[in-house]
Amino acid sequence: MNRTFSAIAIDLTDRTSPFGSVHIRDKASVAQRLAAGGLAVAYGADTYWQGPTASAATLHANGDVSVTFSNCGAHGLNLANTSGWELCVLGGDQNCSQANSPVARGGVGDWINAVPDLESSTSILVTTNSSDTNVQIDNDSTVLVRYAWDGLAFEYMQAGVYAHDEGFPAGPFVLLASN
Amino acid sequence: MAFLLENAFNGSTFVNESSNYPLLRMFTSFKDKSDVPLIEQPHVEEPWAVSSPSAVSMNQAGVDDDNWLYMSAVCYLFGLHIHQHTGKPVGLVNTNWGGTPVEFWMSKDALDTCEPNATNEAGGAYNGMIKPLLNMTIYGAIWYQGEANSGDPLSELDFQGLPLSRYGCHFPAMIEDWRQKFNEGSLGETVDPYFGFVQLASWESDIHPASVRWGQLAGML
């Protein structure tokens, strides 16, 4: 949709807000990120605003998944911490439908914990540990990858993925990995 | 969006410094839902005012603003950024109601786009707090809402064919409809107003807002 922009606020968590944690108090950061988008989209400024945007996921023969990002900023991605990543093999009773946290030792159709590693300045390699799942993912699997899907995904200013220089976070996504 | 400037981090500083920006002007709607579309608001919470501590904070007049009437922290601080970077005067229309779903702000036309076979009625805040503003000439709008839609059904599909919150249809339909109606209401003066939105923050809740967050973004693709 043209002439739209957004501010990602998923890392502006405020557990101790006296107004309730839904009422985060760091509105200056919200407004600063939103205004960057507005200035770029609607006021002609040449300024970074998007935050890293997940654009594609690729399934490798060994079951690993690469997630490629656009809008990574001047010096690429910063994988600031490794939390928030999950994989799921489509099928089974759940068929990747649960909204909630990953399933320990999950099977086909369960969301399972995954481990990210910075693969390049614009991509992250996502793998599963055999201790987290009993599924052997291979080239014939249909795999989804999601990030930051938990309700309270991150503590204050501690998202997993940022644009390194600009400090803008990536938002949540779910992508179907192609092979 | 209703969250008050004075309650934000550094709020008292922001309030005190507001008198430095006389080219910021603001107006606040009365929180008033209506069963029928209104041409004019029967009441105005804060008529157009020049930025000052009393314009951005009711508490400056010794009145506790327990209903979070004015001024919205995000609205004010966004407008201040735009003013400081462009040097232009900025007018802010503060029209919001905390804890409300997106449907409350949608016209019948917008709802019909997503649910063509239902008997839709316009949302009460659309009738009472958006419709009366349509003859203003605006350059854009900003939006910070969605917590109240976190439990919505996954009745849409995203661009990959994956389940998506109903929000993924309602939100872009509302934006398109507002654009068209502000254009018509201003006799063509308002052209393709920009629309900026805040993707929801994290909070402690049993309801998982991820599908709304994804709906906010994926609905735009």
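Going through (1) under 30 Å from A:Asp46 (Cα atoms); (2) in a loop (DSSP other than H, G, I, E, B); (3) within 15 Å of the chain's Cα centre (by Cα) one by one, B:Val74 falls short only on (2). For the range B:122-145, the count of residues that are closer than 24 Å to B:Gly185 by Cα, without any contact (Cβ under 8 Å) to a residue 12 or more places away in the chain and in a helix (DSSP H, G or I) is zero.
The set of residues in the range A:22-41 that are over 13 Å from B:Ser72 (Cβ atoms), facing chain B (nearest Cβ under 7 Å), of a type in the set (A, V, I, L, M, F, W, C) and within 21 Å of the chain's Cα centre (by Cα) comprises A:Val22, A:Ile24. Within the range B:10-24, residues that are β-branched (Val, Ile, Thr) reach partners that are assigned to a loop (DSSP other than H, G, I, E, B) with beta carbons closer than 6 Å, at six or more positions or on different chains, in the pairs B:Val15/B:Ser57. Among the residues of this structure, A:Val174 counts as one that is touching a Lys or Arg at 6+ places or on another chain (Cβ under 9 Å), hydrophobic (A, V, I, L, M, F, W, C) and either more than 25 Å from B:Glu204 (Cα to Cα) or in a strand (DSSP E or B) (or both). Looking only at residues in the range A:133-179 that are surrounded by fewer than 19 Cβ atoms within 10 Å (Cβ to Cβ), away from every other protein chain (no Cβ under 12 Å) and acidic (Asp, Glu), the one that is nearest to A:Thr16 (Cα to Cα) is A:Asp165. Tallying residues that are under 24 Å from B:Asp158 (Cβ atoms) and either outside any loop (DSSP other than H, G, I, E, B) or not small (Gly, Ala, Ser) (or both) within the range A:136-161 yields 13. Please verify whether the range A:88-98 includes one or more residues that are among the hydroxyl-bearing types (Ser, Thr, Tyr), closer than 18 Å to B:Ala218 by Cβ and assigned to a strand (DSSP E or B). Within the range A:88-98, not a single residue is among the hydroxyl-bearing types (Ser, Thr, Tyr), closer than 18 Å to B:Ala218 by Cβ and assigned to a strand (DSSP E or B). For first residues located in the range B:188-199 and more than 8 Å from chain A (Cβ to nearest Cβ), partners that are of a type in the set (A, V, I, L, M, F, W, C) and lie 6+ apart or on another chain with Cβ distances below 8 Å form the pairs B:Thr190/B:Met136; B:Thr190/B:Ile138; B:Thr190/B:Phe182.
Residue-level check: of (1) closer than 25 Å to B:Leu38 by Cβ; (2) surrounded by fewer than 23 Cβ atoms within 10 Å (Cβ to Cβ); (3) at the interface with chain A (Cβ under 8 Å from one of its Cβ atoms), B:Ile142 misses just (2).
Any chance you could count how many residues in the range B:186-205 are within 18 Å of B:Met174 (Cβ to Cβ) and of a type in the set (D, E, K, R)? Number satisfying all stated conditions: 1. In this structure, does A:Gly151 turn out to be touching a Ser or Thr at 6+ places or on another chain (Cβ under 9 Å) and more than 22 Å from A:Phe69 (Cβ to Cβ)? When the stated conditions are applied, A:Gly151 passes them. Among the residues of the range B:104-120, those that are over 12 Å from the mean Cα position of the chain (by Cα) and within 16 Å of B:Lys181 (Cβ to Cβ) comprise B:Ser107, B:Lys108, B:Asp109, B:Ala110, B:Leu111, B:Asp112, B:Thr113, B:Asn120. Answer yes or no as to whether B:Asp32 is touching a His at 6+ places or on another chain (Cβ under 8 Å) and not in a strand (DSSP E or B). Yes: the conditions hold for B:Asp32. Given the criteria in contact (Cβ under 8 Å) with a residue 40 or more places away in the chain, facing chain A (nearest Cβ under 7 Å) and among the aromatic types (Phe, Trp, Tyr), does B:Trp203 qualify? When the stated conditions are applied, B:Trp203 passes them.
B:Val212 falls short on exactly one of the conditions (1) crowded, with 22+ Cβ neighbours inside 10 Å; (2) within 21 Å of B:Phe78 (Cα to Cα); (3) within 17 Å of the chain's Cα centre (by Cα); (4) within 13 Å of chain A (Cβ to nearest Cβ), and that condition is (2). Filtering the range B:147-154 for residues that are touching a strand residue (DSSP E or B) at 6+ places or on another chain (Cβ under 6 Å) and aliphatic (A, V, I, L, M) leaves a non-empty set. Those strands (runs of 3 or more DSSP E) of the range A:7-81 in which 3 or more residues are surrounded by fewer than 20 Cβ atoms within 10 Å (Cβ to Cβ) occupy A:53-59, A:65-70. Restricting attention to the range B:163-175, does a residue exist that is surrounded by fewer than 23 Cβ atoms within 10 Å (Cβ to Cβ), small (Gly, Ala, Ser) and touching a residue at least 60 places away in the same chain (Cβ under 8 Å)? Scanning the range B:163-175 turns up at least one residue that is surrounded by fewer than 23 Cβ atoms within 10 Å (Cβ to Cβ), small (Gly, Ala, Ser) and touching a residue at least 60 places away in the same chain (Cβ under 8 Å).
Readers should treat all values here as calculations from the given coordinates under stated rules, not as data from a laboratory. From a predicted model like this one, the values you see are computed outputs, not experimental measurements. Every residue, glycine as well, gets a Cβ built from its backbone with ideal geometry; the counts of neighbours run over all protein chains shown.
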